[in-house]
Amino acid sequence: MQQNPKKPEPDEDPVSHVDLTQSPEEVLEYWTKERMAEAKPREIKLPEPGPRPADQD
Amino acid sequence: MTRTRSLASGLLTFSAATVLALTSAGGASAAPAPSGGNADPSVASVTVNAAGAADYWTPERMQSAVPGDTLAGKALERGNRSSPAVVEKGKPSSTKGTKGKPTIAQSEDPVSHIGKVFFTMGGANYVCSGNAVTSANGSTVATAGHCVNEGPGAYATNFVFVPAYDNGAAPYGKWTAKALYAPTQWVSSGDMTYDTGFAVVNPDSNGDLLTDVVGGSGTAFNQARGLTYTSYGYPQAAPFNGTSLWSCTGTASADPNNPQFGTQGIPCDMTGGSSGGPWFIGTDSDGVQNSINSYGYKGSAVMYGPYWGRVIQDTFTRAAKS
């Protein structure tokens, strides 16, 4: 994740999407009990914030 | 009879099963034996290697572990029971119980429209949380942008929503996605301001639509800041385990560390796995959804969510009409 994102172009569509081509059967077959149990949490944990300027000596 | 069996079961679950498992793993240093010297000859002990035990318990081994009751039953069959006449009675004694570290998050019963989402991204399998929302297509799930797209980068594949997930059970089935939506500014540059995504799912095998089966939450956009919210999710990282639903309630305030995100935070210690879980205005899951679990800071018990303004509203509208 970037901390300084670029500004969108004026004529850029603000909404992005993708159509998935996989069949429901294919996806359901993929998610075995084992794969579900081993899936990792996807999380965003930012670094612990340092002291703010006002808190510094 | 029942009482005797329960007591035996409890003791053997802890002692025999543990020793057997650790011995097999090479984690125990020796078979249990009476301690030497001045130790009480009626007490046996064994030294175990904690690291070995942790390595030993793979998800597969935990799943195939035999219930301790089986071992208790075998012990009773062997008939190795002491006569009441030889059981010595000592002085009455007791010890105080202890509680684990309390969490801010509260345990919840499953809610039909809230669930877990599973997906593949960059070759790895991930889990987040999500919520079915009322929509024109009856098939829209709200979650985090980082649970549908790398931000910036590629979209997820193998995306499936499991409403009311409860310890491996999927009471309303698994709903596969046919399209994923996110704000362009999330997809092109991972702008935390827009960390929200929507999945449009296929009908189930009966042809029924998602919200006709599990219901759906209303949505709200462009609301006042500083509202009271209740967020839900399936935190998986310790001290949670991802098996059940949890919630946090609090009044939102701006992120003092990165005010440019425009996000708001509530007191909450839910961990990874809760990402994408819904924020409802008010104090329960009947409220309208107005954000999602997005991010936190290391060493801080605050969960932040994006402000649902016009861009996220447009993203929802496009997904809901597709």
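Could you tell me the relative contact order of the range B:106-321? Use alpha-carbon pairs under 8 Å, at least six residues apart, and round to a whole percent.
Values: 623 pairs, mean separation 52.2, N = 216.
Relative CO of the range B:106-321 lands at 24 percent.
What is the average number of partner chain Cβ atoms found within 10 Å of a Cβ in B:292-304? Intermediate results must be reported in sequence, preceding the final value.
Details: counts 0, 2, 2, 5, 4, 6, 5, 4, 4, 0, 0, 0, 2.
For peptide B:292-304, the averaged partner shielding equals 3.
Ignore the peptide's own chain and count Cβ atoms of other chains within 10 Å of each Cβ in B:180-187; give me the average, rounded. Don't skip to the end; give the middle numbers.
On the way: counts 5, 4, 4, 4, 8, 7, 3, 4.
Per residue, the average neighbour count from other chains is 5.
Between the amide H of B:K178 and those of B:V200, B:V201, B:N202, distances stay under 5 Å, these residues lying 5 or more places away or on another chain, with hydrogens modeled in the peptide plane. Extension gain for A:K45 to A:Q22 (0.36 nm times residue separation, less C-alpha to C-alpha distance): 5.2 nm.
With distances taken between every two different alpha-carbon atoms, the range B:106-321 has a Kirkwood hydrodynamic radius of 16.5 Å. By other beta-carbon atoms within 10 Å, ranking A:R42, A:R35 with the fewest at the front produces A:R35, A:R42.
Among the listed pairs B:K178/B:K321; B:K174/B:K321; B:K174/B:K298; B:K116/B:K178; A:K40/B:K178, which have their C-alpha atoms separated by more than 25 angstrom in this model? Correct reply: B:K174/B:K298. Label sites at B:R225 and B:Q106, each approximated as a point 7 angstrom past Cα along Cα to Cβ, lie 2.7 nm apart.
Enumerate the residues in the range B:298-321 having an amide nitrogen under 15 Å from the point lying 7 Å beyond the Cα of B:A136 toward its Cβ. Hits in the range B:298-321 for B:A136 at 15 Å: B:313-321.
Listed from fewest to most Cβ neighbours within 10 Å, the set B:T196, B:T243, B:T134, B:T230 follows the order B:T243, B:T134, B:T230, B:T196.
Packing around the peptides B:198-205, B:107-114, B:275-282, taken as the average count of other Cβ atoms within 10 Å per residue, puts them in this order, highest first: B:275-282, B:198-205, B:107-114.
Read-outs: derived from the displayed coordinates by stated rules, not from any lab. Remember, predicted model here, so these are calculated numbers, not experimental data. Heads up, the Cβs are rebuilt from the backbone with ideal geometry, glycines too, and the neighbour counts pull from every protein chain shown.
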